[in-house]
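Okay, structure first, notes after.
Derivation of every value follows stated rules applied to the coordinates shown; laboratory data play no part. What you see is a predicted model, and the numbers here were worked out from it, not measured in a lab. Note that we place each Cβ from the backbone using ideal geometry, even for glycine, and neighbour counts take in every protein chain shown.
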Amino acid sequence: MALSLGWHIILASFGVAFPAIIWAAHWRGVYRGDDVALNLARRWAKVSAVLFAIGAVSGTVLSFEMGLLWPGLMGPYGDVLGLPFAFEGLSFFVEAIFLGMYLYGWGRVPPKRHLLMLVPMAIAGVVGSYCVISVNARMNMPVGFRVEDGQVVDVDPWAVLFNPGAILQFAHMWVAAYMVVGFTVAGVYAAGMLRGRRDRHHRLGFTIPFVFASAAAVVQPFLGHVLGLRIAEAQPAKLAAFELATETESPSPLRLGGLLIDGEVRYSLDIPGLGSIIARNSFTKPVQGLETIAPADRPPVNITHVAFQSMVGIGTLLFVAVLVYWFVRWRGRDLLDHRWTLRAAVAAGPLAVVAMEAGWIATEVGRQPWVVYGYLRTPDAAGDNPQIWILLVATAVLYTGLTVGAVVVLRSMARRWRAGEEDLPSPYGPESAAAGGASRPHDRGPEAS
């Protein structure tokens, strides 16, 4: 499940954020008469289609894995999870339909109407991801049901869908998606500029997604802080692991780095009092220590702590980097003329991916040993079929093949675009408007052969 989610979440980020970035380029092309921006929107839409198709495969794998790997969760709690997953499925179909209409609408639909087709795509991506996040938020902060004599009763699916933890958790993930997609797409054009392609196409291709990524990088630390304040009350064991708090201290220090070895914290840099300020918004409130939590209820501390600090560290680095970039640009200097800036931009995409993956590891591992916090333990939820290893190997092979296929297809598209082939052929699409209405060979009767 970790392999599948870790792989799928990257593609899901493109479904959430890419439509809005494409819309910005397309809007500039239509309303500013910018042919370069319009060309970028068209290319990005085709890239989005490739990623969407691959994401559909990994999403289908995940839906089967929910039942195969977690019978103890899906059996008793199926009524609790059903409504959000149903809405997520509907959102997927809406996104697919309008993506197809947008792709084949070039040259066939009035420009302003064509631009509007991106709006349902963007909304569907947001709604679908919110529905999935609401399920995860319910697992972290359970609401909308009671357990009576071991049975789940009084299920309120709407309470699950709109549970208090879902809004903030979704906002955190939504902004992370813009960081991943924005920095990754900008990094592609930064790599092109490093190879000498410093035309307006590459500069605009860098700037549009980088603006989205920059806004997300600035907002994200504040969202993460607000979300983290809820953890002290809702999941004190997770917060103790985040902060590597073995004992309750008032005020609590902030520990940078460090590992828990034989019950002792080693190799950390402690900053007195700052832990209480960051984790509790207080100069005196303590972070509850691990000594107050039963050993059976403690998460894997080192994995949780390292993942959390990796996320925060990378997020802080990207936050500072974009502030410096835009400040220097405001002062009238173009940093894109410097190779070190372009190299940093190329690295920002992978760093954003690592930060997002680390955040999910911190969230999920930090909830252990619970699947539904306080109600259902992981050993009781997981299946025990000895053939699960076969599924793991098959999934790894499938995702490796999909990754290789995506790289081959996208690189092929990029090479052909650089060679001037803008209208890439499609075996089932309608004829290009540029063809001037010429009929295809199979439409001209027997003499065509």
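Ordering 215-221, 324-330 by mean Cβ neighbour count within 10 Å, with the highest value first, yields 215-221, 324-330. So, in Å, what gap is there between the alpha-carbon centers of the range 1-51 and the range 275-336? Cα centres, the range 1-51 to the range 275-336: 29 Å. Within the chain, the selection of entire DSSP H helices by a Cα span of 18 Å or greater along the long axis and an average Kyte-Doolittle value of at least -0.5 returns 2-31, 35-69, 71-104, 118-140, 164-194, 200-234, 301-330, 339-367, 388-418.
Simple point charges give the picture: +1 on the Cβ of Lys and Arg, -1 on the Cβ of Asp and Glu, and for the chain a dipole about the Cα centre of about 2260 debye. Here the dipole of the range 1-148 is about 660 debye; that uses its Cα centre as origin and unit charges on the Cβ of Lys and Arg (positive) and Asp and Glu (negative). Bridgeable lysines around K285 (alpha carbons under 22 Å apart, same-chain partners fewer than 8 residues away excluded): K238. Under 23 Å of direct C-alpha separation, and excluding same-chain neighbours fewer than eight residues apart, K46 reaches these lysines: K112. When the inverse distances between all different Cα atoms of the range 365-419 are averaged and flipped, the Kirkwood radius reads 14.8 angstrom. In whole angstrom, note down how far apart the Cα centers of the range 382-399 and the range 216-272 are. A separation of 34 Å, based on Cα centres. For the options G107, G289, G383, a Gaussian network treatment of the chain with springs between C-alpha atoms closer than 10 Å singles out G107 as fluctuating the most.
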